[in-house]
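Undergrad: Let me give you the structure first, and then I'll get to my questions.
We did not get these values from a lab; they are worked out from the coordinates using the rules stated. Predicted model, so just to flag it, every value in this text is computed and none were measured. FYI the Cβ positions are ideal-geometry reconstructions off the backbone, even for glycines, and counts take in every protein chain you see.
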Amino acid sequence: MMKITFLGTGTSQGVPLIGCSCEACRSLDFRDKRLRTSILVETEDASIVVDAGPDFRQQMLRQNQTRLDALLITHEHKDHVAGLDDVRAFNFLQEKSMPVYALPRVLNQLKVEFAYAFAEKKYPGVPKIELLPMEGGQTVFFGKLEVKAIHVMHARLPILGYRFGNFSYITDANHLDATAMEAIKGSEVLVLNALQKEEHISHFTLDQAVEVAKASGVPKVYFIHMSHRMGRHSLIQKELPEGVHLAWDGLQVKI
Ligand SMILES: [Zn+2]
Ligand SMILES: [Zn+2]
Ligand SMILES: [Zn+2]
């Protein structure tokens, strides 16, 4: 069995936005409170988190998480990596460094942005991070859980989605090629990013995400990485076809 927990379902600024008084930002519905996008996948063998954005610490606290075997990073944008320093908690708890999987380009960027963690002479207590290169199509096992990286496009930036057994997770994409569509085929559950209704240069819109959801043939699809411009959860959910849902922070799905 696999348990999936949506740790965050918001776009880079989260929802509500600082200083915004739009309907979604003023909403009292807990489903309209979106931390930065991240997900926790747990099996008997492994606890894996995808991306460690600025809300990583809060997300781990909210989950009472005491175990983390690896971090899989989709890409280097700050809303996906800014919280990396807080893997220190798991370094102390587990008395080992944290395996971090990402594209080689992304690993290089982490070395720049968290230079103190990779310095020759480190000050005490810096995060211990083991950088592990991953490319689209490559597979890695965590116990019996097979994870396959999926190459997708985020405007002109190649980034990674991940398939865990029959669960596929794609964030920040605006194009999936035939290989990516093939890679998610046969999944029981698919997670896709859907930013807002209006066109965007680097993210699927709501309509585009619905189209990909339909084309995938996956029976259960959840949308993530939503902007406040998407509007209120309760209103948008009503517009979606059967089997397609807006995810919300704290939602759990079992496969
Ligand atoms: Zn993002
Ligand atoms: Zn707003
Ligand atoms: Zn991004």
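Undergrad: How much net charge surrounds D86 when only other residues with a Cβ under 11 Å from its Cβ are counted (Lys, Arg +1; Asp, Glu -1)?
TA: Cβ neighbours under 11 Å give a net charge of 0.
Undergrad: Please report the Cα spread of segment 46-181 along all three principal axes, rounded to whole Å, starting with the longest.
TA: Rounded to whole Å, the extents work out to 47, 31, 24 Å.
Undergrad: I've got another one for you. Just add up the charged neighbours of L145: K/R +1, D/E -1, any other residue whose Cβ is under 12 Å from the Cβ of L145.
TA: -1
Undergrad: Just to confirm the filter: which GluC sites (Glu not before Pro) across segment 164-245 are DSSP coil and have at most 16 other Cβ within 10 angstrom of their Cβ?
TA: Loop-located and lightly packed - E188, E198, E199, E239, E242.
Undergrad: Using the reciprocal of the averaged 1/r over all distinct C-alpha pairs, how large is the Kirkwood radius of the chain in Å?
TA: Every distinct Cα pair counted, the radius reaches 18.3 Å.
Undergrad: Here is a further query. Can you flag which of K148/K197; K33/K214; K214/K254; K96/K121; K33/K148 are past 23 Å Cα-Cα?
TA: K148/K197; K33/K214; K33/K148
Undergrad: Residue farthest toward the positive end of the dipole of the chain, with Cβ of Lys/Arg at +1 and Asp/Glu at -1: which of F223, C25, L190?
TA: Sorting the options by dipole projection puts first C25.
Undergrad: Short version: ³J(HN,Hα) in whole Hz for each residue of segment 186-196, in order, from phi by Karplus 6.51 cos²θ - 1.76 cosθ + 1.60 (θ = phi - 60°), x for Gly and Pro, what are they?
TA: Once θ is set to phi - 60°, the couplings for segment 186-196 become x, 5, 7, 9, 10, 10, 9, 7, 8, 6, 5 Hz.
Undergrad: Measure out, as a whole number of angstrom, how far apart the alpha-carbon centroids of segment 59-128 and segment 139-164 sit.
TA: 18 Å
Undergrad: Shifting gears a bit: Tell me the net charge near D32. Cut-off is 11 Å between Cβ atoms, D32 excluded, with +1 for each Lys or Arg and -1 for each Asp or Glu.
TA: +2
Undergrad: Give the order of E146, E44, E120 when sorted by the count of other beta carbons within 10 angstrom, beginning with the fewest.
TA: Sorted ascending by nearby Cβ count, the order is E120, E44, E146.
Undergrad: Given Cβ point charges of +1 (Lys, Arg) and -1 (Asp, Glu) and nothing else, what value in debye, to the nearest 20, does the dipole of the chain about its Cα centre take?
TA: The calculation lands at about 400 debye.
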